[in-house]
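The values are calculated or read from the model by the stated rules, or taken from the named source; none is laboratory data. Bear in mind the structure is a predicted one, so any value in this text is a computation, not a measurement. Every residue, glycine among them, receives a Cβ derived from its backbone with ideal geometry; neighbour counts consider all protein chains shown. In case anyone asks, the SASA skips ligands and DNA or RNA and just uses the protein heavy atoms, side chains included. Shrake-Rupley method; radii C 1.70, N 1.55, O 1.52, S 1.80 Å.
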Amino acid sequence: MPEPTPEAPPSPTGEEATSAPAGPVLAVFGHPDDAEISAGGTLARWAREGRPVHLLVLTNGDRGSEDPAQDRAELARVRRKETEAAAELLGLAGTHVLDVHDGELENSVAVRAEIVRTVRRIRPAIVLSCDPTAWFFGNRYFNHSDHRTAGAAALDAVFPGAGNPLFFAELIAERLAPWKVSEVWLGWTNEPNHFQDVTGFIDLKLKALAEHRSQVEGNMLGFFEEWLPAEAVENGRKIGVQHAEAFRVLRLG
Ligand SMILES: [Zn+2]
């Protein structure tokens, strides 16, 4: 198969990818609260604009606690409810949480099959996930393996998986025909090429995040309430708006 001709590198100003294609969106993340932190403003805005926005969470978040006595099955149940409450606030059309243990996500055929099944069912114009190549953010944090793996599995499911009838052919019997995704948006990236205006949606992003109560106990909510708006202001400055979220956008179609 011939390799597609690479395009010129996109403008770092974000002007290259400002018009997202119309249609449904599928967000794919590793943990129940990742979508809000990474892209909550963008997902809320798209939902408000009338797009069906769906969320697929690849682990159940059952290790999201520092308490050694925590019942992990109970935590998974709590986090599923929190995910649904947050999704309702954001205006999402649907959520699905896989029963994979937190910290054990693998870019396996089984996980890719679930992503491809969801892509073929929802037929999204855009799949939004996180950048699997981002290991290090400054010198004080490196990216969780579930985040990197979620991004890699999402990309591999989009291409070549979802669009090729010889991949996951068993789904065709479920009347899930191959589907080609037009764009992939990757948050948590060190190589953003697009800054999405989310002015007016930061409060909603924080409110949705606050629904993940098991994760924002103690002073964590205060930490997010400082960090996320500050990050959005810094990203907004790049395109002259109040608040923005940063993405690496790939246009495949
Ligand atoms: Zn996470």
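One table, with the values for the structure above:
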{"item": "Unmet requirement for N107, which otherwise passes all of (1) within 15 Å of the chain's Cα centre (by Cα); (2) open to solvent by 50 Å² or more (accessible area, probe 1.4 Å); (3) farther than 22 Å from Q196 by Cβ", "result": "(1)"}
{"item": "Residue check, A69 in a loop (DSSP other than H, G, I, E, B) and open to solvent by 30 Å² or more (accessible area, probe 1.4 Å)", "result": "yes"}
{"item": "Scope the stretch 137-148; condition touching a residue at least 12 places away in the same chain (Cβ under 8 Å) and open to solvent by 20 Å² or more (accessible area, probe 1.4 Å); matching residues", "result": "F137, H144, S145, R148"}
{"item": "Scope the stretch 142-167; condition among the small types (G, A, S) and either within 12 Å of the ligand (Cβ to nearest atom) or assigned to a loop (DSSP other than H, G, I, E, B) (or both); matching residues", "result": "S145, A150, G151, G163"}
{"item": "Selection count, the stretch 22-46, where residues are aliphatic (A, V, I, L, M), assigned to a loop (DSSP other than H, G, I, E, B) and within 13 Å of the ligand (Cβ to nearest atom)", "result": "0"}
{"item": "Enumeration of residues in the stretch 47-77 that are more than 16 Å from the ligand (Cβ to nearest atom), aliphatic (A, V, I, L, M) and touching a residue at least 24 places away in the same chain (Cβ under 8 Å)", "result": "A47, V53"}
{"item": "Selected residue (criterion: least open to solvent (accessible area, probe 1.4 Å)) from residues of the stretch 177-218 that are assigned to a loop (DSSP other than H, G, I, E, B) and charged (D, E, K, R)", "result": "E211"}
{"item": "Residues of the stretch 91-109 satisfying the condition of being in a loop (DSSP other than H, G, I, E, B) and more than 20 Å from R77 (Cα to Cα)", "result": "G91, A93, E106, N107, S108"}
{"item": "Complete set of residues in the stretch 116-136 that are within 14 Å of the ligand (Cβ to nearest atom) and either surrounded by 22 or more Cβ atoms within 10 Å (Cβ to Cβ) or in a helix (DSSP H, G or I) (or both)", "result": "S129, C130, D131"}
{"item": "Every residue from the stretch 149-162 that is open to solvent by 20 Å² or more (accessible area, probe 1.4 Å) and either closer than 8 Å to G30 by Cβ or not charged (D, E, K, R) (or both)", "result": "T149, A152, L155, F159, P160"}
{"item": "Every pair of residues 6+ apart whose Cβ atoms lie under 6 Å, when the first sits in the stretch 78-96 and is β-branched (V, I, T) while the second is open to solvent by less than 40 Å² (accessible area, probe 1.4 Å) and assigned to a loop (DSSP other than H, G, I, E, B)", "result": "T83/P32"}
{"item": "Those residues of the stretch 158-173 which are over 14 Å from the mean Cα position of the chain (by Cα) and touching a residue at least 60 places away in the same chain (Cβ under 8 Å), in sequence order", "result": "F159"}
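Residues are listed down the side, and each one gets a yes or a no for (1) under 20 Å from R123 (Cα atoms); (2) at pLDDT 95 or above; (3) buried (at least 23 other Cβ atoms within 10 Å of the Cβ):
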position	(1), (2), (3)
P2	no, no, no
A22	yes, no, no
L26	yes, yes, yes
H31	no, yes, yes
E36	no, yes, yes
L56	yes, yes, yes
V78	no, yes, no
